[in-house]
Amino acid sequence: MRRLMPGRRALSADETPQTADPRALPGHVAIIMDGNGRWATGRGLPRIAGHKRGINSVRKITRHARLRGVKYLTLFAFSTENWLRPKEEVHGLFDLFRYYMRRECRTLAREGVRIRFIGDASEMPQDIQAMMVEAEAMTSAGDTMTLIVALNYGSRAEIVTATQRLAVKVAAGALSAEAIDDAAIAAEMNTADFPDPDLIIRTSGEQRLSNFLLWQAAYSEFLFVDSHWPDFDELSFDECLDRYCQRDRRFGGLRKSG
Ligand code: IPE
Ligand code: IPE
Ligand code: MG
């Protein structure tokens, strides 16, 4: 039977999270925030204007996901391949990240949102690394939702590093090759502390993972939506939750009913 999400109106700030049917909700939603550049160029604006508008969507969706009772929200902000873009765009993205962090950290802490980062922080500018450490510390007590920001994240690099770590343990005699199982690999991933994503959304009409959560997505549901990220709003998010609720997740077993 289809479980409908509660009403689709936007929630006001003082409303409590909607957990009417927690079984139907995805506990972990991951989003590939794509289409900022096309949003801007389609309006005759520079690409960075699209990235700037994308920050509004980050704010809106973070708040809305929390109010909807989502426990983990992962946002793909910068991939290991995005270094291939012109220097000005990369620097522009980093400046926007600084702006976001300066403005949002206190709000996140106040709302009980814990922020965590995945990806290789060591390649990021020093001041951003310091901001990341500070933000994680400042929000560490948050228990309403965990916001995971994938920054300089690439799933293949993550898998390579995890494999190297396991190899070092085996070479040192601390681990036997036979003891390497799903759990041992998952424990070496950047996402070791988090459940796998139930739902992965990609905006802008592209239908690919672009090196995002390859290991973790083994049984995720996928939704590809046509809106560009700056146009993705609370209603779009609720539509995704509705579509997710209609999926029959079988994990290789049989249908639960019918
Ligand atoms: C997503 O938007 C943001 C990042 C990858 C940082 P894009 O910049 O990829 O926008 P399009 O895909 O070129 O439109
Ligand atoms: C994926 O989008 C990365 C992020 C959203 C941060 P891209 O725009 O970089 O992906 P491709 O190049 O279209 O595959
Ligand atoms: Mg893109």
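The values are calculated or read from the model by the stated rules, or taken from the named source; none is laboratory data. All values derive from a computational prediction rather than experimental measurement. Cβ placement follows ideal geometry from the backbone for every residue including glycine, while neighbour counts extend to all protein chains displayed. Note: accessible area is taken over every heavy atom of the protein model, side chains too, but ligands, DNA and RNA are not part of it. Shrake-Rupley method; radii C 1.70, N 1.55, O 1.52, S 1.80 Å.
General observations
- Only one of the numbered conditions (1) assigned to a loop (DSSP other than H, G, I, E, B); (2) more than 23 Å from ASN56 (Cα to Cα) is violated by GLY142, and that is (2).
- Positions within the range 200-258 being among the small types (Gly, Ala, Ser) and either over 23 Å from ALA150 (Cβ atoms) or touching a Lys or Arg at 6+ places or on another chain (Cβ under 6 Å) (or both), in sequence order: GLY252, GLY253, SER257, GLY258
- Qualifying residue in the range 167-186 (condition: in contact (Cβ under 8 Å) with a residue 12 or more places away in the chain and not hydrophobic (A, V, I, L, M, F, W, C)): no
- Residues that are surrounded by 13 or more Cβ atoms within 10 Å (Cβ to Cβ) and in contact (Cβ under 8 Å) with a residue 40 or more places away in the chain within the range 92-111 comprise GLY92, LEU93, LEU96, PHE97, TYR100, GLU104, LEU108, GLU111, listed in sequence order.
- Residues (within 14 Å of ligand 2 (Cβ to nearest atom) and of a type in the set (Val, Ile, Thr)) located in the range 65-111: THR74, THR80, VAL90
- Qualifying residue in the range 11-30 (condition: within 16 Å of ligand 1 (Cβ to nearest atom), modelled with pLDDT of 95 or more and open to solvent by less than 30 Å² (accessible area, probe 1.4 Å)): yes
- Of the residues making up the range 203-225, those that are open to solvent by 20 Å² or more (accessible area, probe 1.4 Å), in contact (Cβ under 8 Å) with a residue 40 or more places away in the chain and more than 10 Å from ligand 2 (Cβ to nearest atom) are GLY205, LEU214, TRP215, GLU221.
- Taking the range 134-158 as the range and being open to solvent by less than 60 Å² (accessible area, probe 1.4 Å) and of a type in the set (A, V, I, L, M, F, W, C) as the test, the residues that pass are ALA135, MET145, LEU147, ILE148, VAL149, ALA150, LEU151, ALA157.
- Any chance GLY119 is at positive phi and within 16 Å of ligand 1 (Cβ to nearest atom): yes
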